[in-house]
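One structure is given below, encoded as structure tokens.
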Amino acid sequence: MKKIIFIGLIFLALPLISFSQEKKKAIYFYAKTCSHCYRVNQYFSNNGIYDKYDIQKIDVSSPEKFNYLKQFFDVFGVKDEKRGYPVVFFDAKIIIGDQPIIDKFIEEINSVDAAVFPTPESIKKILGEQSQKKEDVQNEKERQLTVTIPVLLGAALVDAINPCAFAVLILLVATIIGAQGRKRALFAGLLFSLSVFISYFAMGFGLYSAITTFNLPRIFSIVVGIIAIIVGLANLKDFFWYGKFFVMEVPMSWRPKLQTLLKGITSPAGAFGVGFLVSLFLLPCTSGPYLVILGLLAEKTELTKTIFLLLLYNLVFVLPMVIITIAMFLGVRAKKLEEFRQRNIKVLHLIAGAIMLFIGMWLIYQWV
């Protein structure tokens, strides 16, 4: 019978024990002659705060206690002109002034653990851990949003397989082969690819410089992701409904002028020069992926790395042009290449659309 009574008393005492353990602790610095401290003391007394929370009251009238308060202020880095009392400390938080304490004390102390009375040392430790955690989170964000080689190569591949770039080169090399033979056509195709490489690199670096100069906010990463998705959907439209509304290629109205320009080139030097002009024609159908990469580079990538990545991107971009040039030099006819392009034009748009959708969703996912 005694054992049963003893066990019952233990169960009755458990709520009281847990309640006492759950009391949150704070240190309250005040002065007896301070009218603002009197207001806080009345507020604490009238609202049962002294009963609900374990508050250690410290009168700063003595030099020893005042120096102790100074140590708390030092940990938080509070400027001399903003120091004063009443002031309360709990966990790693500080509230200075009567009205702020009255307005915020309950809400603030309930938002933290406050299981022990704070000391300058414990506060310094908690603040250091919080700062390190924020730094780790920021570093992780930056690591995730840094332009990775797979993302860059994926966007460059979308540019590289763009069917309008193929059409331009096939027409150019075929024209020069017919006029001056394969050897000069080989040089012309390679010089044309080089001029496109140079012009695209220059335009990309110029846009990168403009974005970094304006110091666009981090939200730009989300905007770039949305652009990537739009470009991807536009390419998927060309897979299902090619030719309707618009195409992600050189605009139809520009093509006659472009063909006239290319047919007038019959030398390697002319091919090199026309490459810069043709780059402007290609921009409407190739700028989407490039803009995505430039936006990410401008967000946080250092200049040296940016130059390397832009060179790599544009190398991938012109690589199919070099391959087509060599193939035509080796005897592959322009007609066959053009038939291949026409036959697979929808598939090329499908691949481009899928890659851009993936890149866009990946970029937005990093910030959601």
- Message: If Ile101 satisfies all but one of (1) over 40 Å from the mean Cα position of the chain (by Cα); (2) assigned to a helix (DSSP H, G or I), what's the number of the condition it fails?
- Response: (1)
- Which of (1) free of Cβ contacts under 8 Å to residues at least 12 places away in the same chain; (2) more than 30 Å from Tyr365 (Cα to Cα) does Glu129 not meet, given it meets every other one? (2)
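Restricting attention to helices (runs of 4 or more DSSP H) lying wholly within region 24-81, give those where 2 or more residues are farther than 22 Å from Leu127 by Cβ and within 47 Å of the chain's Cα centre (by Cα).
Values: elements: 35-46, 49-52, 63-76.
The helices (runs of 4 or more DSSP H) meeting that bar are 35-46, 49-52.
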- Of (1) modelled with pLDDT of 70 or more; (2) part of a helix (DSSP H, G or I); (3) exposed (fewer than 15 other Cβ atoms within 10 Å of the Cβ), Val332 fails just (2)
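The values are calculated or read from the model by the stated rules, or taken from the named source; none is laboratory data. Remember, it's a predicted structure, so these values are computed and weren't measured experimentally. Here Cβ is always computed from backbone atoms with ideal geometry, including for glycine, and neighbour counts include all displayed protein chains.
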